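**Student:** Got a structure for you, questions after.
Values in this text are rule-based calculations from the coordinates and carry no lab data. Please read all numbers here as calculations on a predicted model, not as lab measurements. Quick reminder, even Gly has a Cβ in these numbers, built from the backbone with ideal geometry, and neighbours come from all protein chains shown.
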Amino acid sequence: ADAIRINPSILAADFVNMQADLARIATADFVHVDVMDNHFVPNLTFGPQMVERIQATSPVPLDVHLMIADPDRWAPGYAELGAASVTFHLEAATDPVRLARRLREIGARAGVAVKPATPVESLFDVLDEFDQILVMTVEPGFGGQSFMADQMPKLASLADEARARGSQVWLQVDGGISASTIAQAAEAGADTFVAGSAVFGADDPGQAIAALRAQASA
Ligand code: DX5
Ligand code: ZN
């Protein structure tokens, strides 16, 4: 593969020492920011006010993952506060293409995410409407879950389709990514890797990022 990206998830960071934890991942490509509304997923994190402070503090650009209901209404606000990318869930969106166009208009990369049980064939004809597609490798909602290797065929089908269409779309995986699982995802065609516990659970997050990078490029 060409360029790969490692995006640590601050879901595994210390929420009351966010500034210090952000400083520890300065060698990452993006910081992955998990917004949960206790409705689309059974967990709650934070909303735009917190993300705005993260945006002001982070040494790297923001990759916002919205696990929320009604993204058609709420996602543009995250693009407006300056997030580099905003990813909403296909299952939650009323008009995914229209929303993606709106996000791009504001200046963000537009991303769409799919839960493990959601097929991706409906995206094949609209790949170019998105800058990134996120294939969840756990059920969204919590960090520290086990990587679902059974999502690799779906990821590979997206990679094949993107290749066949000459699409530049980034393929992202999120959930259970570690030094021992990342190579499988890279092999299946992912180029952008979210890792929470594997980065913030390490004594040296910078070293963990480097190790993930090495495994993904191997
Ligand atoms: C899960 C979140 C992930 C989470 C990943 O719903 O979307 O971004 O932080 O955590 P790990 O890497 O620990 O599986
Ligand atoms: Zn996430």
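**Student:** Indicate, rounded to the nearest 5 percent, the antiparallel portion of the DSSP beta bridges found entirely in the chain.
**Tutor:** 5 percent
**Student:** What whole-number volume per residue, in cubic angstrom, does the convex hull of the C-alpha atoms of the chain give?
**Tutor:** Enclosed volume per residue, from the Cα hull, is 105 Å³.
**Student:** Then there is this: Can you give the net charge of the other residues whose Cβ lies under 14 Å from the Cβ of residue 18, counting K and R as +1 and D and E as -1?
**Tutor:** Cβ neighbours under 14 Å give a net charge of -2.
**Student:** I'd like to compare 199-205, 79-85: which one has the highest average count of other Cβ atoms within 10 Å, and what's the full order after that?
**Tutor:** 79-85, 199-205
**Student:** Count charges around residue 115 for me, please; just the other residues with Cβ under 10 Å from its Cβ, Lys/Arg as +1, Asp/Glu as -1.
**Tutor:** That sum, taken over residues with Cβ under 10 Å, equals -2.
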